[in-house]
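Just below is one structure, and these are the notes that go with it.
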Amino acid sequence: MYVLGIETSCDETGVAIFHSQQGLLSHHLYSQVKTHADYGGVVPELASRDHVKKLIPLISRALSAAGIDKYRVDGIAYTAGPGLIGALLAGAAVARSLAWALGIPSVAVHHMEGHLLAPLLEPDPPEFPFIALLVSGGHTQLVEVEAIGRYKILGESLDDAAGEAFDKTAKMLGLGYPGGPEIGRLADEGLAGRFVFPRPMTDRPGLNFSFSGLKTHTLTTLAATSSTRQDKADIAAAFQEAVVDTLLIKSQRALEETGLVRLVVAGGVSANRRMRKKLHEMGREKGYRIYFPRLEFCGDNGAMIAYAGCQRLLAGHAEPLEIRARPRWPLSDLLPP
Ligand code: KG4
Ligand code: ZN
């Protein structure tokens with residue numbers, strides 16, 4: 001089965017062709033980062049308009065790179081939420097209309113399920129069950145994954161998501177958007193240990209997170225320095241270390257509490273080099289296997305949507321003709337395919 005996957009939940013237009021037996025055949029991504037850079041964050045209306053412009057040319061490219069034409073496509077998967085309503089509708093409208101014109105089914109994919117399943121695109125994929133640590137710009141969640149569609153949320157952020165904390169801290173340090181990669185780069189120049197930030201909510205039981213306090217900590221620490229590049233690099237290093245340690249402590253706790261031995265880490269923040277290193281070290285030390293998507297599939301992309309959609313299409317799922325998007329959509333609402 002050939003599946004066309006379409007991702008438009010935020011500021012990346014992602015398109016991919018996945019084949020149920022042959023695997024991923026092609027994928028293309030257009031990032032709107034430059035469009036939003038001047039504003040220091042995503043401008044929803046600009047995002048929707050850009051998706052409208054880029055989708056059809058990207059789909060044509062993905063089809064030709066996969067060596068097929070549109071009549072060979074058996075089903076279309078698109079991100080229906082959570083995300084920006086206008087951006088979601090741009091993808092949903094193209095996906096549903098194309099599916100209708102071609103007389104094939106289309107299926108709505110949950111964006112976070114896409115992230116969660118992205119490591120299954122790798123050559124040595126994790127077996128079920130596992131713990132998933134989902135860390136993106138809008139979500140921070142620990143999920144017990146029994147099978148596709150069987151998700152139990154064990155903990156989540158009570159305020160800012162991990163990626164959001166990176167973005168806001170980057171802004172305070174005068175860095176560009178998105179903040180995660182910028183902080184990662186600056187932290188490399190930082191002096192480890194000059195500042196030590198708190199590891200929020202790790203001193204009490206439970207698997208929830210809270211990252212908003214780190215903003216205040218960054219501000220007060222910065223105000224007490226002369227704000228040189230070295231000061232900022234030292235703060236970036238302290239901030240990154242605090243977020244990474246907090247995520248590590250809670251992930252380890254989730255593994256211990258459930259008795260599971262596999263941890264899947266996905267979402268934009270899973271590209272963080274320091275986090276990948278520290279989690280792999282923790283895994284080696286404690287006897288857990290840690291799975292990350294390849295770097296290009298940590299952030300938003302069409303491949304993860306095509307993959308997740310393919311599993312649901314194979315099980316006979318299809319949407320009614322109506323074009324719908326769900327800007328808010330709890331992962332725990334999903335059912336197995
Ligand atoms: O999954 P994603 O691409 O989009 C959402 O679904 O939100 O995640 C984007 C988030 C942004 O907050 C960005 O700053 C963060 O992922 N991010 C990183 C890194 N690369 C992207 N955070 C830390 N380190 C990185 N290397
Ligand atoms: Zn995402």
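The values are calculated or read from the model by the stated rules, or taken from the named source; none is laboratory data. All of these numbers come straight from a predicted model, not from anything done at the bench. When we count neighbours, we look across all protein chains shown, and the Cβ atoms used for this are built from the backbone with ideal geometry, even at glycine. Accessible surface is based on the protein model in full, side chains and every heavy atom, while ligands, DNA and RNA are left aside. Shrake-Rupley method; radii C 1.70, N 1.55, O 1.52, S 1.80 Å.
Among the residues that make up the range 264-275, is at least one of them on the phi > 0 side of the Ramachandran plot, more than 16 Å from ligand 1 (Cβ to nearest atom) and in the same structural domain as Y177 (by TED's automatic domain parsing)?
Looking only at the range 264-275, we keep the residues that are on the phi > 0 side of the Ramachandran plot, and these are 267.
Checking the rest, the ones that are also more than 16 Å from ligand 1 (Cβ to nearest atom) come to none.
There is no residue in the range 264-275 that is on the phi > 0 side of the Ramachandran plot, more than 16 Å from ligand 1 (Cβ to nearest atom) and in the same structural domain as Y177 (by TED's automatic domain parsing).
Select, from L186, L222, the only residue that is within 15 Å of ligand 1 (Cβ to nearest atom), more than 23 Å from G83 (Cβ to Cβ) and open to solvent by less than 60 Å² (accessible area, probe 1.4 Å). It would help to see each step written out before you state the result.
Values: L222 fails: within 15 Å of ligand 1 (Cβ to nearest atom).
Selected residue: L186, the only one of L186, L222 that is within 15 Å of ligand 1 (Cβ to nearest atom), more than 23 Å from G83 (Cβ to Cβ) and open to solvent by less than 60 Å² (accessible area, probe 1.4 Å).
Is there any pair linking a residue in the range 157-184 that is within 16 Å of ligand 2 (Cβ to nearest atom) to one that is among the hydroxyl-bearing types (S, T, Y) and outside any helix (DSSP H, G or I), with Cβ under 6 Å and at least six apart or on different chains, and which?
S157/T140; D160/S212; A161/T140; A162/T140; G163/S136
Output the residue which, of all residues in the range 284-309 that are surrounded by fewer than 24 Cβ atoms within 10 Å (Cβ to Cβ) and of a type in the set (S, T, Y), is farthest from ligand 1 (Cβ to nearest atom).
Y288
Specify the residue that is farthest from S251 (Cα to Cα); the eligible residues are those in the range 138-156 that are within 14 Å of ligand 2 (Cβ to nearest atom) and surrounded by fewer than 24 Cβ atoms within 10 Å (Cβ to Cβ).
Filtering the range 138-156 for residues within 14 Å of ligand 2 (Cβ to nearest atom) gives 138-141.
Still in the list and also surrounded by fewer than 24 Cβ atoms within 10 Å (Cβ to Cβ): 138-139.
Numbers: G138: 18, H139: 15 Å.
Of everything passing the filter in the range 138-156, G138 is farthest from S251 (Cα to Cα).
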